[in-house]
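Working notes, beginning with the structure itself.
What follows is calculated from the coordinates using simple rules that are stated; it is not laboratory data. This structure is a prediction, so every number in the text was calculated from the model and none was measured. Neighbour counts are summed over all protein chains in view; Cβ atoms, including those assigned to glycine, are modelled from backbone coordinates with ideal geometry.
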């Protein structure tokens, strides 16, 4: 694998790669898909071998905060893979990520591969001896890189939310199914014991018929727009913007140039829709798991939200969303509820949340910590007598790597993550419109609502975006 860091000509290089090299790749993959000839197995060197030299060869795309504190350590500690490459549009972060991986290998005193560096994902994906990639980029880059990776024959772990638009999600879900690649979405609450147990309890009828679910999510603060700043020499800013509109650079919009504090892109709707998809992707997914609606979704959605007038930190503030799910289950999602999920049924309620209630990307939890698992009656939490046993995973990244080897479906596959992401996005659309909408999970469109349907996709600035990638 040959690594290299490119300089200021990256915009034209990305254009040439995505329109020519990837055009050829997509065209070839399309022919292979139609002939049913895409390889669906991992290299023979991995079969039946436990030696470190036979571990999966993984690359990291996106070397920011979530990669530093969550994705990279989890893959390294799995014992199933080697990191052989890191890639980011910020050369300073590439260097930091390379140093992090190499420090782990030095401390473990185990045989380690050379860690190569890349400044663009197409060069990285063209490496033939790469098995899989972890994608930890800002949300607006998820769809394009996932599509490119699966078409290049790589298995994928991608951070949540799965996509920023429903249209992207439909495209990716279908593409992943056709290519047969193993794709795990970072809905890691499925690999956390109390969430799985709470879902088993609810699905086993422990609280009787479910009537209501209350979901609490945090919100983001805003502040005045910072002025234009010079683009740092270490950042390829136009490729960072990708398919989003061309706007002036300021650190407030992107990520800190020193350290790994919470990045500004999480608060801008061009790159992230806010906490409704940030934390929402986790909690909606858990709710779908508990209600057995993983391949369905809500019907009527009514919402209101405060949106700041600032152009940079402009994601939603305080909000209230009311959804109706199959069986007449009412779901209330609001920043006024405690961060977690409360399932309320005829026979009582069950509450579940995380220890500490934080993620690597939120502004932190306020108030007293709540128990990870609770109920209206302690007897509702008895482990015996459950009629439903859900799939088990002790660690989310390890589950993905195990499935890369076995070719079994991981615990948070694209087809399921797409539905939880769609419900979050549909909620955001109702928040933006400020009026009721009706979602049809079968058609994956709104019912007789052209204004709402118009928000299911977005314009992509050429040459970036998944639609441009797939034009051959």
Rg(Cα) of the range 93-179 divided by 2.2 N^0.38 Å?
1.24
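Report, in cubic angstrom per residue, the convex hull volume of the C-alpha atoms of the chain. All intermediate terms of the calculation are to be shown ahead of the outcome.
Details: hull volume 71.1 nm³, N = 472.
Per residue, the Cα convex hull of the chain comes to 151 Å³.
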Mean separation of Cα contacts under 8 Å (6+ apart) over length of the chain, as relative contact order %:
21 percent
Which angle between 0 and 90 degrees, to the nearest 10, do you get for helix 280-291 versus the longest principal axis of the chain when only C-alpha atoms count?
50 degrees
Distance from the range 312-342 to the range 221-244 (C-alpha centre basis), Å:
30 Å
Angle between the chain longest axis and helix 396-406 axis [Cα atoms, degrees, rounded to 10]:
60 degrees
Quick calc: nm separation of the 7 Å Cα→Cβ label points for residue 311 and residue 457 -> 2.7 nm
Rounding to the nearest 10 and keeping the result within 0 to 90°, find how far the Cα-based axis of helix 414-433 lies from the longest principal axis of the chain.
70 degrees
Whole-angstrom Cα spans of the range 227-320 along principal axes, big to small
50, 26, 25
Cα→Cβ-extended label distance, 7 Å offset, between residue 193 and residue 447, nm
4.3 nm
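Using just the Cα positions, wrap the range 137-262 in a convex hull and report its mean projected area in square nanometres, one decimal place. Don't jump to the answer; show the numbers that get you there.
Details: hull surface 47.5 nm².
One quarter of the hull surface, i.e. the mean projection, equals 11.9 nm².
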Given Cα pairs under 8 Å that are at least 6 residues apart, what percent is the relative contact order of the range 53-136?
43 percent
Between the modelled labels at residue 415 and residue 379 (7 Å from Cα along Cα→Cβ) the distance in nm is 4.0 nm
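Based on the mean of other beta carbon atoms within 10 Å per residue, what is the order of 269-282, 317-330, most packed first? Walk me through the numbers on the way to the answer.
Details: 269-282: 24.9, 317-330: 17.2.
Ranking, from highest mean packing down: 269-282, 317-330.
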Residues in the range 247-264 near a label at residue 228, defined as backbone nitrogen under 16 Å from the 7 Å Cα→Cβ point?
247-253
Packing-wise, with mean Cβ within 10 Å as the measure, how do 406-414, 250-258 rank, highest first?
406-414, 250-258
Euclidean distance of C-alpha centroids, the range 409-444 and the range 71-141, integer Å
32 Å
